[in-house]
Amino acid sequence: MKFIVLCLFSIGVVTSPFSVAKLNNLLPKSQYASHTPYKSAALKIANKEQAAKLVKSRMGGKVLSVKTVKGKQAYKVKLLKDDGHIISVYVNAKTGKIKG
């Protein structure tokens, strides 16, 4: 019986607002889990320059143009490869994945 009372008391102390606030002050702000709703989630690729840099670093060649795809969170990047071929790829702004 003493064990059960001690367990319940311990749970109450650990989960009290004072204890949680004290624990939060021990962790640096960068380690807090931040919650962002789906629609306002931060983009991995925030602008055309980042999309161009990502594609160039992964695929090589010269970036000819970058356009924002209307209605989608994506960029279309046109690239001149070293062998002379021109290719177009799409970069998903949310995930940073390249398709095409």
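None of the figures in this text is laboratory data; all of them are computed from the coordinates on show. Here the structure is a predicted model, which means the values were calculated and not measured. Note: ideal-geometry Cβ built from the backbone for every residue, glycine included; neighbour counts use all protein chains shown.
Worth a mention:
- Amide H contacts of G61 (H built 1.01 Å from N, under 5 Å, at least 5 apart or other chain): D82
- Overall form of the stretch 39-99 per C-alpha gyration tensor (a/c, 1.5; a/b vs b/c): prolate
- Judged by the mean number of other Cβ atoms found within 10 Å, the most tightly packed of the peptides 92-98, 66-72 leads the ranking 92-98, 66-72.
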